Amino acid sequence: MPSTSSPTATMTEQSCKDDVAYVSNLLRSDFSFVPTTKEVDALQYCATKASQDIVQNTKTQRLSKLWSQDFASKVGLVPSTFSPQHTVLSKAGAAAVRSRQNEGATTILSDNGWFTVIKDQTAPFWTSFGVNGVLIKYDEPGLYGRINLFCQRKNDIQSMLSEYLQFRDKNITAIFKLFADSIQDCIDRGYRPRIGKDEVLDLDEQRLFDAVSAMMHQVSACILKIEKAGTHGNQLNALHAMGMDCESYCQTWIRKGQPVGAAEFSVMSPHFQTWFYVTNYESLQATTEVSTECLRAYDALCKRFRRRLMFAGYGGAPETPPAFVSLDGLHRSLQANNVSVLAVPVAQFHIMLVLACVLFAIASRWYGFD
């Protein structure tokens, strides 16, 4: 836990309450966006070109932002087979499912077998939003050779998006625990935020990670307790009742307001990071034993996280537009567009019906059908 002498402890409780939700929203607005309808159309065309690259076994900037690096094939970013099923993330996801099943342990697996969730190589709050939802099944229509959420057919985009978000929401308890464990993993490997790297957190950040790990594990235990009690209907409602929420992100061939072009992602298979964040300070404290000190640490760590993401070029400045697509925002946008599209034929039908009635009335009077 951070000591009372920590710089984060000087923040008053009221300012912390005001700041916690603000900084969470700032992270979302600085680094994520929702593509417009025209941009989605352009992304579909880019996905078609990327599929042609795969068929032709040609490495291009559409397959990975690291496509030209010698290690891209070796580490499974762009597999030598050019099969998304053979990327490092797809293979890791499939291996994790097999391992858990062989052990007879509970597996985070979607009902249709499409998705699982695995830990990221980088700790949450470092330069990662959190755990990775990964596609591990490719033998169904709409999934063959799929390298990204965005693909040639809009129906397939909507299908994968809906399937993933339903899977995520249905498994919030298990996914949140994996998120909390990922923070603790950083501590357990000597405060090294990235697997296989020698970089170590400074002392102040070590205290912040200690506090936030403790906080997230307290929340994880409370979500499980609320879920078992069945007082809030489902796992997502339990999370909301505690003053927390989640959002999932992916990268594709576009940044906010920029032309569609080169890949923003490294791995050429569908994968989605999920971040959990505080929305309501009072609700969180009312339903858990999370201390004010832990919430101050969360606030301070979010601010450091934001600076790191800005420095890494993921957004937060006019010259670096947001790089992450919000899956939740995109889902709401596509649903709204579907309603609008359906409303047009219905409105046209009503107009035609009225005109038909008017014409019939005129004809009746003219020919004396009374």
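The values are calculated or read from the model by the stated rules, or taken from the named source; none is laboratory data. As the structure is a prediction and not an experimental result, all values here were calculated from the model. As a convention, Cβ positions derive from the backbone with ideal geometry for all residues, glycine included, and neighbour counts pool all protein chains shown. Side chains included, ligands, DNA and RNA excluded: accessible areas come from the protein's heavy atoms. Shrake-Rupley method; radii C 1.70, N 1.55, O 1.52, S 1.80 Å.
Of the candidates 269, 248, the single residue that is open to solvent by less than 10 Å² (accessible area, probe 1.4 Å), of a type outside the set (Val, Ile, Thr) and farther than 26 Å from residue 30 by Cβ is 269. For the range 180-216, taking the residues that are open to solvent by 60 Å² or more (accessible area, probe 1.4 Å) and part of a helix (DSSP H, G or I), the one that is farthest from residue 129 (Cα to Cα) is identified as 203. Suppose the filter is open to solvent by less than 80 Å² (accessible area, probe 1.4 Å), farther than 23 Å from residue 146 by Cβ, in a helix (DSSP H, G or I) and at pLDDT 95 or above; does residue 19 pass it? No. Residues satisfying the criterion are absent from the range 291-300 (criterion: in contact with a Gly (Cβ under 7 Å, 6 or more places away or on another chain), open to solvent by 30 Å² or more (accessible area, probe 1.4 Å) and either part of a helix (DSSP H, G or I) or of a type outside the set (S, T, N, Q) (or both)).
A residue that is on the phi < 0 side of the Ramachandran plot, free of Cβ contacts under 8 Å to residues at least 40 places away in the same chain and in a helix (DSSP H, G or I) cannot be found anywhere in the range 124-142. Restricting attention to the range 31-62, the residues that are open to solvent by 50 Å² or more (accessible area, probe 1.4 Å), within 20 Å of the chain's Cα centre (by Cα) and either within 15 Å of residue 151 (Cα to Cα) or free of Cβ contacts under 8 Å to residues at least 24 places away in the same chain (or both) total 2.
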